[in-house]
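Engineer: What follows is a single structure, and I will ask about it in a moment.
The values are calculated or read from the model by the stated rules, or taken from the named source; none is laboratory data. Predicted model, so just to flag it, every value in this text is computed and none were measured. Cβ atoms come from the backbone with ideal geometry, glycine included; neighbour counts cover every protein chain shown. These accessible areas exclude ligands, DNA and RNA; they are computed on the full protein's heavy atoms, side chains included. Shrake-Rupley method; radii C 1.70, N 1.55, O 1.52, S 1.80 Å.
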Protein chains: 2
Amino acid sequence: MSRPAVHPVEPPPFIDGRNDAAPPRRVRMKDVQGMPGTPTGLALRLCQFIFALISLAVMATTSDFPDVTAFRYLVAAVGLQSLWSLSLAMIDIHALCVKRSLRNPALITTYAIGDGITSTLTFAAACACAGITVLISNDLNKCDVNHCKRFMSATAMAFISWFAVSPSFFFNFWSLASR
Amino acid sequence: MSRPAVHPVEPPPFIDGRNDAAPPRRVRMKDVQGMPGTPTGLALRLCQFIFALISLAVMATTSDFPDVTAFRYLVAAVGLQSLWSLSLAMIDIHALCVKRSLRNPALITTYAIGDGITSTLTFAAACACAGITVLISNDLNKCDVNHCKRFMSATAMAFISWFAVSPSFFFNFWSLASR
């Protein structure tokens, strides 16, 4: 009678310390620098807030900005951007202080949508102002009667603020898609 | 002498008709309508191309567009957009005719980057033209000496073209992140 022989079947491989035969555990979202609740994420938010605020301040202190629709729109857009970035920066500071993770799909979705909207508005406002500033300074050469330098500074700051929002948006969107 | 016995090890389960013990085959990207190589994707490309071409034609037929930097930029941006969308539409038509899949990570990356660049350029140009058109028509009331209607039509067509590029970009970016 044959005894139970050792069967030449390899044991299931152990990868990363867990057994592949076990049902796959829910993978937690990865901790990528630049995402909400990380120091880089906080730095991005502060950049967005500071540049949006500078843009707002520079544009709002020119005497003739209410005469041009695009300049009024820039003030509104960077105002919204600075409020949004400040709120998220404060949430990030809180999360870093109490060491709590913000990698929650519902939160990330909200952040991605909010970032998408505010960044689109800021970029649109910056482009509209850039178009008008270039029209005044290069095409019409009327910088002597306009605050060209201030318009340019405000536009440039709005663009920098948009540059700082884009990585936040892409990080959130990417982690939402890849979870 | 013992004969080779049937060992009481369960056969590896067959899921979806393939053997899990076999080395995992490269998972194919999902077939989502709107992605390259699908009829909806082709419809989006054709929309982008047609609206970009109309915008280009309307703006290029105004006599004074070369005087304004933003209008020259719009012509360049929608020109690039129409070339890009036409090329991808032709690739889509070819893929649909020969029933070949375009869901290849390298190709999707190229599409996502190209869509991101062309849509940003088109949107920036449309916003700059919108700023100037609103300045001429609402703020300065000088529509009697300018082609306001044509500028507005060209701007609106550029915005519609951008609206049609955005889903293509998001589909590609999403499928890139979620593969």
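Engineer: Are any residues in segment B:71-105 open to solvent by 10 Å² or more (accessible area, probe 1.4 Å), farther than 16 Å from B:Leu42 by Cα and modelled with pLDDT of 90 or more, and if so, which ones?
Structural biologist: Result: B:Arg72, B:Tyr73, B:Val75, B:Ala76, B:Gly79, B:Leu80.
Engineer: Scanning segment B:147-162 for residues that are within 12 Å of another protein chain (Cβ to nearest Cβ) and open to solvent by 40 Å² or more (accessible area, probe 1.4 Å), which turns out farthest from the chain's Cα centre (by Cα)? Steps first, please.
Structural biologist: Filtering segment B:147-162 down to residues within 12 Å of another protein chain (Cβ to nearest Cβ) leaves B:151, B:155, B:158-159, B:162.
Right, trim to open to solvent by 40 Å² or more (accessible area, probe 1.4 Å) and you get B:159, B:162.
On the way: B:Phe159: 14, B:Trp162: 9 Å.
Looking at residues that are within 12 Å of another protein chain (Cβ to nearest Cβ) and open to solvent by 40 Å² or more (accessible area, probe 1.4 Å), I get B:Phe159.
Engineer: Could you list, in sequence order, all residues of segment A:124-146 that are among the polar types (S, T, N, Q), in a helix (DSSP H, G or I), open to solvent by 10 Å² or more (accessible area, probe 1.4 Å) and more than 9 Å from every other protein chain (Cβ to nearest Cβ)?
Structural biologist: Going residue by residue through segment A:124-146, those that are among the polar types (S, T, N, Q) are A:133, A:137-138, A:141, A:146.
Within this subset, residues satisfying the condition of being in a helix (DSSP H, G or I) are A:133, A:137-138.
Filter once more, so that each one left must be open to solvent by 10 Å² or more (accessible area, probe 1.4 Å): A:137-138.
Of everything in segment A:124-146, just one residue is among the polar types (S, T, N, Q), in a helix (DSSP H, G or I), open to solvent by 10 Å² or more (accessible area, probe 1.4 Å) and more than 9 Å from every other protein chain (Cβ to nearest Cβ), namely A:Ser137.
Engineer: Does segment A:82-98 contain any residue that is in contact with a helix residue (DSSP H, G or I) (Cβ under 9 Å, 6 or more places away or on another chain), assigned to a helix (DSSP H, G or I) and within 14 Å of chain B (Cβ to nearest Cβ)?
Structural biologist: No, segment A:82-98 contains no residue that is in contact with a helix residue (DSSP H, G or I) (Cβ under 9 Å, 6 or more places away or on another chain), assigned to a helix (DSSP H, G or I) and within 14 Å of chain B (Cβ to nearest Cβ).
Engineer: Turning to a different aspect of this structure: So which residues in segment B:165-177 are open to solvent by 60 Å² or more (accessible area, probe 1.4 Å) and within 8 Å of chain A (Cβ to nearest Cβ), if there are any at all?
Structural biologist: Within segment B:165-177, B:Trp174 is the sole residue that qualifies.
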